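As structure tokens, the structure follows; a few thoughts come after it.
The values are calculated or read from the model by the stated rules, or taken from the named source; none is laboratory data. Worth saying up front: this structure is predicted, and the values here are computed from it rather than measured. In this analysis, Cβ positions are derived from the backbone assuming ideal geometry, glycine residues included, and neighbour counts consider all displayed protein chains.
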Amino acid sequence: MTEIDLVPGDYRQLTWLRGKVRSTAIVVLAAVFLSVAVYAGLRVWSVSVDSQIATLQSKQAITNQQREALTKLNIHKSDLQRKLELLTGLRGGAEAVQMFVTIDRAMQDDDVWFLDWNFQRAGTTVQNTPETTSNGYFILIPAENGQGSKEAWKIDTHMTFRGQARDHSALSAFVRRLYRQQEIQDVRILDTTRKANGSAVEFRLAVTVNSAGNAG
């Protein structure tokens, strides 16, 4: 018995094509959905990574700021330490009160009297560093470059006097006696002037104190 196919061939071909298109569309849609999901996931991950990078950069910036602030503080501390050691050195050595005693020992009777007295202590840098850290003349302080090196400073104490003496002989005798005092390093007469009425000699003296003799 012969079977007769009543379905036209064109219809069967069309049906097969429709099924093929439907299957392809499903695959394409699935691929699209998958790509969208992957893109969304990558986007979220990218945002998360960007956030982490921003956080790390912020922390790094804070760290750099802290490091810069610490460097400035260290420089400021070194500068203050340098000034403190210099001031400490300037405070040492001969005392003004001690100089009163020294001057008094050099005076005799009432042949010399003073009108003005200036006491000054100053420090100057020197090229040759002393062998010891302090011998009454020198102090060592941190250098300005902050590299741990030391600068040697020579501490000098000076006095200037303006006064009057009975005559030039009395003034010369006072200068000799003052120069013989162990606390005194040098005495110089800056100028002398006889008063108009001839009653006294006005003078100015410059005195360098022997810091080594007064240290300790």
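Every condition in (1) at pLDDT below 70; (2) exposed (fewer than 14 other Cβ atoms within 10 Å of the Cβ); (3) assigned by TED's automatic domain parsing to the domain that holds Gln181 holds for Leu80 except the one numbered (3). Could you check segment 166-192 and list, in sequence order, the residues that are in a strand (DSSP E or B) and hydrophobic (A, V, I, L, M, F, W, C)? Passing the criteria: Ile184, Val187, Ile189, Leu190.
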